[in-house]
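Take a look at the structure below.
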Amino acid sequence: MRACILLLAFGSMISGDAWGADQPTPLALEGRVTLYVGQLAILQIPADRRYSHFDGSAGEAGNVLMLVRRSRRTALYHAVRPGPGTIVMGPDVPKGECVSCVARHYFFDVVAQK
């Protein structure tokens with residue numbers, strides 16, 4: 001009986017750790033994040049209307065992240081191969097206004113599994 005309880009407790013700890021590993025890592029605005037191949041990353045899209053046309057495609061994330069799912073306020077990526085990458089979220093601005101002044105940059109490095 002005691003062995004059964006210990007086995008159940010140990011199994012819960014293992015599955016809890018595995019569940020935590022599946023949580024996406026947030027990409028940081030103007031910061032650099034390290035991801036491992038196979039890891040999920042999440043990008044929070046600003047509520048500001050001028051960023052409403054961000055498409056979040058894999059092309060913008062280089063060839064190291066693949067877009068898994070996109071909603072109005074988030075983009076979920078899967079790290080598929082090692083390498084550096086940058087996502088640039090450019091706003092909708094009237095012609096002649098400075099785009100680079102309000103562009104948002106998310107830098108990341110994908111590395112091989114430990």
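The values are calculated or read from the model by the stated rules, or taken from the named source; none is laboratory data. Note that the structure is predicted; figures quoted are calculated from it, not measured. No Cβ is skipped: glycine too gets one built from the backbone with ideal geometry, and neighbour counts run over all protein chains shown.
For this structure, a couple of remarks:
- Considering (1) at pLDDT below 70; (2) out of contact with any Gly (no Cβ under 9 Å at 6 or more places or on another chain), the lone condition that Phe54 does not fulfil carries the number (2).
- Within the range 23-41, the set of residues being among the polar types (S, T, N, Q) and over 9 Å from the mean Cα position of the chain (by Cα) comprises Gln23, Thr34.
- Residue in the range 60-70 that is in contact with a Gly (Cβ under 9 Å, 6 or more places away or on another chain), of a type in the set (Lys, Arg) and at pLDDT below 90 present: yes
- Residue count for the range 87-104 satisfying the condition of being part of a strand (DSSP E or B) and at pLDDT below 85: 3.
- Residue match in the range 71-86 (condition: on the phi < 0 side of the Ramachandran plot, at pLDDT below 85 and in a loop (DSSP other than H, G, I, E, B)): yes
- Scanning the range 21-50 for residues that are assigned to a loop (DSSP other than H, G, I, E, B) and under 13 Å from Leu76 (Cα atoms) yields a count of 7.
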